[in-house]
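A.B. asks: Pasting in a structure now, in structure tokens, and then I'll have a few things to ask.
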Amino acid sequence: MKKYLLTILTIISPLLTFAQEAEKGLDQRIDEAFQPVADGFFNAIFFPIYQGETITIPFVLLLLVGSALFFTIYFGFPNIRYFGKAINVVRGKYDDVDHATSGEMYGDPTPGGDAIETIRDESKEGEVSHFQALATAVSGTVGNGNIAGVALAIALGGPGATFWMIVCGLIGMSTKFVECTLGVEFRDVDSDGTVYGGPMYYISKGLKSKGFKTLGKVAAAIFAVFCIGGSFGGGNAAQSNQATIVIKELFNWESTAAGAIVGLVLAILVGIIIIGGIKRIAQVTEKVVPFMAVMYVAACLYIILSNFSLIDDAIGLIVTEAFNPTAFGVGSVIGVLLVGFQRAAFSNEAGAGSASIAHSAVKTKYSASEGLVALLEPFIDTVLICTMTALVIVIFNFGGFFEYGGDGSGVVFIDGQPFEGAGITSKAFAQYIPYSNIFLTIAVVLFAVSTMISWSYYGLQSWKFLFGRGKTADLVYKLLFLTFVVIGAAASMGSIWKFSDAMIFAMIFPNMVGLFFLFPVVKKQLKRYLDAIKAAKS
């Protein structure tokens, strides 16, 4: 195992060997070392199946959206039919069903077809509650993808990108339901009660049960590698990057080493939290995420309702631009659709499989109960929070502050000054709420930290799957993870988002192998859970 760890450190070490030119600032040296890595990964993952003069359609995006549509239709629109039931599961309405224990019934069959005395009490397995699992997973998605990602989508694709983000979020609910049900169904529980779950396990164990042991092993290992990359990129570097941007803007820091310094402070803060494992992470996220989400939504609602007369115009512009885009560079409906889908997929991660790692740690007897809980994630993340952010930015830009599409880089100029990502959202907030730059800076930083600690758990679980469950392996991963906090803070937004997109989307390929082999299992488990609820009511 140490040989493999040494190999990985050798591969990653070039990222940590910065150019030695004394005249260059530390941030610039980090960025120059990181950019070619980001470009290489991005080009490999987003290979096109069609490339025109203005439109490029990557295969991975087609796979993601097509799969989400298939699961939505196959399961009979679970995103709509079971929405209310999902809320009731989180509220604890079905706790008596979900956490019931089995007594001796002398071989009487259960609704699932097993003899009761042969069933282990699955409700005792797990480490966190339904709400804690949801909070942890939501903290991994509700982050700067909602604040910075939406701004980036609108800056690149115009208001119409918002419409396609919402569509992607709605159908993504079905994918999230499938992968999180499987995460619980095929999880491992250690002798000390520690839970290990996620795509690595349902791909390897699930495909083995179908007679495809070798394929399962290979696909699971590939997923684990990409998930580790995702934890370094979208779940880490992209978050520290946006947190650093708003902190530097708030304090007007222009030092060439400011990013690295902020990154070091963030790394120390995150390090203190992630040492405690999933229970510590859940305790933090269940408090921080709901509080910040409510505060952020309240601020958005204040701005939206303060401009009540413009709401119709904003919604109308979003819908019109979705089918008749005017933003420079997007070219056509397909162009703006691709921008919206890509940013939505990055934000809610439906199809990437990451959230099932957190959901697999839940205390539950029925795997489908957590699948239902999980379908709420894309709704909260994309349909609710992303839409509100978009409305604030669109209403703000009715003042003609910047040109949609810009130069195609995601950077826009407001009053002659360049703004990108979270900086655009911050500028929009500042127009309507005094001192909102302070509030938004706190929100961005807390969302970034909560996302990073959740993703550290995802990456660590994948690391354990590859290298074992020893303390040495854990320490190596955590040190690498914290290093990427600093890299993300210092590197440019363009290179960070390229690397982040590549790693998150790369996870989709092996994850879909598992989902398409095992979705009939999900249907069986859903029926089992719904039958149990009916039996409890009768």
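The numbers here are math on the coordinates, done by the rules we state, and not lab data. Source: prediction; values computed, not measured. Note that we place each Cβ from the backbone using ideal geometry, even for glycine, and neighbour counts take in every protein chain shown.
A.B. asks: Sort 149-156, 426-433 for me by packing, meaning the mean count of neighbouring Cβ atoms within 10 Å per residue, highest on top. Don't skip to the end; give the middle numbers.
C.D. replies: Values: 149-156: 29.4, 426-433: 20.4.
Result, highest mean first: 149-156, 426-433.
A.B. asks: Sticking with this structure for a sec: Per Stokes-Einstein, at 10 °C and 1.306 mPa s, what whole-number D in µm² s⁻¹ belongs to the range 159-217, with the Kirkwood radius over Cα pairs as the hydrodynamic radius?
C.D. replies: Details: Rh = 13.4 Å.
The Stokes-Einstein estimate is 119 µm²/s.
A.B. asks: How many nm is it between the label spots at Lys523 and Lys93, if each spot is 7 Å from the Cα in line with the beta carbon?
C.D. replies: Result: 2.6 nm between the two label points.
A.B. asks: Also: For labels at Asn252 and Val297 in the simple 7 Å Cα→Cβ model, what's the distance in nm?
C.D. replies: 3.7 nm
A.B. asks: Okay, moving on. Taking the Cα centre of the range 435-538 as the origin and placing charges on Cβ (Lys, Arg +1; Asp, Glu -1), which of Ser538, Leu479, Val444 is farthest toward the positive end of the dipole?
C.D. replies: Ser538
A.B. asks: With +1 on the Cβ of every Lys and Arg and -1 on the Cβ of every Asp and Glu, and nothing else charged, how large is the dipole of the range 321-457 about its Cα centre, in debye rounded to the nearest 20?
C.D. replies: On the way: 4 positive and 9 negative charges, 80 e Å.
That gives the range 321-457 a dipole magnitude of about 380 debye.
A.B. asks: Which distance in nm do the two modelled labels at Phe398 and Gln51 give, with both placed 7 Å along the Cα-to-Cβ direction?
C.D. replies: Reported label-point gap for Phe398 and Gln51 is 4.2 nm.
A.B. asks: Report the paramagnetic label zone for Ala535: residues of the range 79-97 whose backbone N is under 17 Å from a point 7 Å from Cα along the Cα-to-Cβ axis.
C.D. replies: Residues 94-97 fall inside that zone.
A.B. asks: Which length gain, in nm to one decimal place, applies between Lys217 and Phe59 when the Cα-Cα distance is subtracted from 0.36 nm times their residue separation?
C.D. replies: On the way: separation 158, 0.36 × 158 = 56.88 nm, distance 2.38 nm.
In short, 54.5 nm is gained.
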